[in-house]
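Notes follow the structure.
The values are calculated or read from the model by the stated rules, or taken from the named source; none is laboratory data. Because the structure is predicted, anything quoted here is derived from the model rather than measured. We place every Cβ from the backbone using ideal geometry, glycine too, and count neighbours over all the protein chains shown.
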Amino acid sequence: MQPFSLSSPLALLDAPVVGDVDRVFEYCQDPLFERYLTVPWPYHLEHAEGFLAEYVPSGWMSDREYTWALRDPAGPDLLGVICLRLSGESVAADASVHRVGSIGFWLGAPYRGRGLIPEAQRLVADWAFAAGIIDVLHWECLVGNVASARAAWKSGFRYSGTGPSVTAYRDGTFPDSWHGHLAAGDDRSRQPGWPAAALAR
Ligand SMILES: CC(C)(COP(=O)(O)OP(=O)(O)OC[C@H]1O[C@@H](n2cnc3c(N)ncnc32)[C@H](O)[C@@H]1OP(=O)(O)O)[C@@H](O)C(=O)NCCC(=O)NCCS
């Protein structure tokens, strides 16, 4: 698939470009990224260059992972990144087969606390469900990443449980993670059942 844009008055999602390299490099120095993300660490300029010039375009071309740049609709600056990885199929308890996607995101530190990620997740989920490419969206974060959990909770994800991550951490382990899911018909309201520790500010 070719990259395309999604937008609302609050957020513009469009193609990450090589010109975003300085911002990606700068934001990825955040110690939170070492702790909670699977990005390489230490994060060098070559990592940002490879991400923008190779990883992102090949994800779109292969329909493996769609990555958008998150920008302010009023300006071209990169604020963060959101991606939808197509993870294959899962079989539900009633034996129905679901196509599953997983969501990932980060924001540059100056742009947190504005509700940008719930808005960006809404745009991506609305598109993916309407296009019929997934039935269920999976979210996970390492246990303790309250900001990520609150963003998922505010976006209407249901808590699925705590257990090993689906995605390998950078050291090859699968650390304990909080998991959530959003189905095509869900109404996006805040769902009960989340552990207090995941939402504790
Ligand atoms: C996860 C992330 C994108 C969320 O961005 P955001 O939606 O702007 O969220 P905020 O930073 O405002 O945090 C969301 C909520 O968590 C709270 N919060 C933020 N950091 C927190 C912390 N360290 N401990 C507890 N609560 C925290 C905020 O007060 C906010 O509360 P609210 O829901 O009442 O508004 C952002 O924190 C980030 O980029 N983190 C580093 C990368 C990352 O962890 N990505 C997710 C990987 S699964």
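Miscellaneous remarks
- Candidates Ala147, Ala152, Ala128 - the one that is within 14 Å of the ligand (Cβ to nearest atom), in contact with a strand residue (DSSP E or B) (Cβ under 7 Å, 6 or more places away or on another chain) and modelled with pLDDT of 95 or more: Ala152
- Selection within the range 99-115 - of a type in the set (Gly, Ala, Ser) and either buried (at least 17 other Cβ atoms within 10 Å of the Cβ) or more than 9 Å from the ligand (Cβ to nearest atom) (or both): Gly101, Ser102, Gly104, Gly108
- In the range 26-63, the qualifying residues are those that are closer than 20 Å to Ala120 by Cβ and among the aromatic types (Phe, Trp, Tyr), and the one that is nearest to the ligand (Cβ to nearest atom) is Tyr36.
- Residue that is farthest from the ligand (Cβ to nearest atom) [pool: residues in the range 14-25 that are part of a helix (DSSP H, G or I) and surrounded by 15 or more Cβ atoms within 10 Å (Cβ to Cβ)]: Val21
- In the range 65-98, the residues that are surrounded by 15 or more Cβ atoms within 10 Å (Cβ to Cβ) and of a type outside the set (A, V, I, L, M, F, W, C): Glu65, Tyr66, Thr67, Arg71, Asp72, Gly80, Arg85, Ser87, His98
Matching residues to (1) over 22 Å from Glu65 (Cα atoms); (2) surrounded by fewer than 16 Cβ atoms within 10 Å (Cβ to Cβ); (3) hydroxyl-bearing (Ser, Thr, Tyr):
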position: Phe129; (1), (2), (3): no, no, no
position: Ile133; (1), (2), (3): no, yes, no
position: Ser155; (1), (2), (3): no, no, yes
position: Gly172; (1), (2), (3): no, yes, no
position: Trp194; (1), (2), (3): yes, no, no
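- Among the residues of the range 77-113, those that are assigned to a strand (DSSP E or B) and of a type in the set (Gly, Ala, Ser) comprise Gly80, Ser87, Gly88, Ser90, Gly101, Ser102, Gly104.
- Residues that are under 22 Å from Ile117 (Cα atoms) and part of a loop (DSSP other than H, G, I, E, B) within the range 49-76 comprise Arg64, Asp72, Pro73, Ala74, Gly75, Pro76, listed in sequence order.
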